[in-house]
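Everything below concerns the one structure shown next.
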Amino acid sequence: MIISAADLEFGQPVYETHPHILQPGELTPGITAQEYHERRSKLAFALPENGIAILASSELKYRSGAVFFPFRQDSNFLYLTGFSEPDSLAIIQKTGPKPGDYVFHLFCRPKDPRAEQWSGPWSGLQAAEDVFNADFTGDIAKVETLLPPILRGAGKVYTDITPSTPVTGQLVTTLLSHLHLPPAPLAGLVHSLRAIKSPAEISNMRHAGRVSGRALTSAMRRSWSSEKDLEAYLNYAFTSHGLSGPAYVPVIAGGSRGNMIHYVHNNRLLNQDDMVLVDAGGEYGTYITDITRTWPVNGKFSAPQRDLYEAVLTVQRKMVSLCRENATLSLDQIHRATEAGLREQLTLLGFDLSSGGGKMDVLFPHHVGHYVGLDVHDTPGYSRSLTLRQGHAVTIEPGVYVPQDDDRFPEHFRGLAVRIEDSVVVDVESPLILTTEAVKEVVDIEALS
């Protein structure tokens, strides 16, 4: 008896059950099964002879008691498999010197109708082969007997699994020790692949940036009396226009609260004479966008607000223009250029920055940017000192935060905070700004009110 995949239940959307979310051939929104194969192939090609990479899935995390958070797969695991379920182990085994010479093992939970009645469906072993293209599958509960034959032929094992890794950590680390296979870290190899975005990844991020940017511009058109209402509107706008939801907990900071870089309480009333600093973006296909905009709550900048805003915007525009391969700059070098640019602009506004005392560290305490992709701060450990190349995706986010009660700075600027951030993909001759729909020119912001 032949059963259509459309009549089955899986642990995540597949095209046959969710044609409104996925296109034919896609495992996750925008990313095809072929692209996942090519990612595994590139990783295997980077491994030494008989090398093996082992990745563990994330676990289901609990908020309190029996109340759990929505499951979020480990980013490296997801990048290589497209499989978004807990209690899973992926193994990529190099079998030869050419690209494509690898075997993909995926150990996961077999179908269990009784358990799925309570927890919802999961995909099972047959789908691991038929949908996710594993060469070999097995019950995660039997990995103790399935794993040793694979590892005995290994020349070198790469993994980030530790004894504290849930489900399989103790077993894998003990087994590697018994087989005298000291593991090497895997994250660096995967991050070097993740750092250069494919056209499909850029398309996902552009979609997230487009929808998020429009949501922010729409928010600027409206009148807000509280941070919480503004946050709720943005979350709704992201989801109702085709994104999966917010990419991170947003910053909705009215007035001097914008001086707290990661203020996320978002529970105060907004003063109509203040500015509001909003750091918020949506997610599509697990790819994120990161945007910050600062605007006057009443729609019109006061003279000090406009002066400080224009100073930051002047520098931000210049730094975005440097996000191109032929500029041969790194994020660290762009950061140093940002500090110099802000110092120049602030001096023109009457800030005395000539003496020491770490004044610039107070006014601009964070780095100008970071990598973005599957994570907001993508590929941790991937150096910001590397020269930017075509396909790198970064943020550019200069900010100036003037303390409320610091008499070293001009009085009319005290308590003001401005950050302007775009997500940008590096191309050879020019940057691709992913978040351009979020307006940022003073004339455009004021025209919205």
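How much accessible area per residue does the range 196-447 have, counting only protein heavy atoms and a probe of 1.4 Å, in square angstrom?
Each residue of the range 196-447 exposes 39 Å² on average to a 1.4 Å probe.
Simple spin-label model, 7 Å along Cα-to-Cβ: Thr239 to Ser302 in nm?
Roughly 3.7 nm, to one decimal.
For P(r) over Cα pairs in 10 Å bins from 0, in percent, pick the label among [x] 4, 20, 28, 23, 13, 6, 3, 2, 1, 1, 0, 0; [y] 4, 19, 26, 23, 16, 9, 3, 0, 0; [z] 4, 21, 29, 26, 15, 4, 0 that corresponds to the value derived from the coordinates.
Recomputing P(r) over Cα pairs in 10 Å bins from 0, in percent here picks out [y].
Cut-off under 17 Å on the C-alpha distance; same-chain residues fewer than 8 positions from Lys228 excluded. Which aspartates and glutamates are left, in chain and number order?
Asp274, Asp279
Does anything in the range 359-400 have its amide N under 11 Å from the 7 Å Cα→Cβ label point of Asn326, and if so which residues?
Within reach of a label on Asn326, which here means backbone N under 11 Å from a point 7 Å along Cα→Cβ, the range 359-400 contributes nothing.
For Thr145 and Ile196, calculate 0.36 nm times their separation in residues minus their Cα-Cα distance, and state this gained length in nm to one decimal.
Full-extension gain reported as 14.7 nm.
Computed FRET efficiency, Cβ-Cβ of Phe71 and Ile261, R0 30 Å: what is it to the nearest 0.05?
My answer for the efficiency is 0.55.
So for the pair Ala33, Asp361, with labels modelled 7 Å out along Cα→Cβ, what separation do we get in nm?
If labels sit at Ala33 and Asp361, their model points lie 5.5 nm apart.
Give the relative contact order (percent, whole number) for the chain; include only Cα pairs under 8 Å separated by 6+ residues.
Reported as a whole number, the value is 14 percent.
By a straight-distance test (C-alpha under 20 Å), which aspartates and glutamates pair with Lys98 as possible cross-link partners, with residues fewer than eight away in the same chain excluded?
Lys98 reaches Glu35, Glu38, Glu49, Asp135.
Residues in the range 122-162, backbone N under 18 Å from the label point at Glu59 (7 Å along the Cα-to-beta-carbon vector): list them, ranges by number please.
From the range 122-162, the list is 140-144, 160-162.
Arrange the peptides 184-190, 368-374, 74-80, 115-121 so that the one whose residues have, on average, the most other Cβ atoms within 10 Å appears first.
368-374, 74-80, 184-190, 115-121
To the nearest 20 Debye, how big is the dipole of the range 5-193 about its Cα centre, given +1 on the beta carbon of each Lys and Arg and -1 on that of each Asp and Glu?
560
How many nm is it between the label spots at Ser383 and His20, if each spot is 7 Å from the Cα in line with the beta carbon?
Spacing of the two 7 Å Cα→Cβ label points: 4.9 nm.
Using alpha-carbon pairs under 8 Å, 6+ residues apart, how would you state the relative contact order of the range 196-447 in percent?
Relative contact order of the range 196-447: 25 percent.
The values are calculated or read from the model by the stated rules, or taken from the named source; none is laboratory data. Remember, it's a predicted structure, so these values are computed and weren't measured experimentally. Because the Cβ atoms are built from the backbone with ideal geometry, glycine has one as well, and the counts that use them run over all protein chains shown. Note: areas computed on protein heavy atoms with side chains; ligands, DNA, RNA excluded. Shrake-Rupley method; radii C 1.70, N 1.55, O 1.52, S 1.80 Å.
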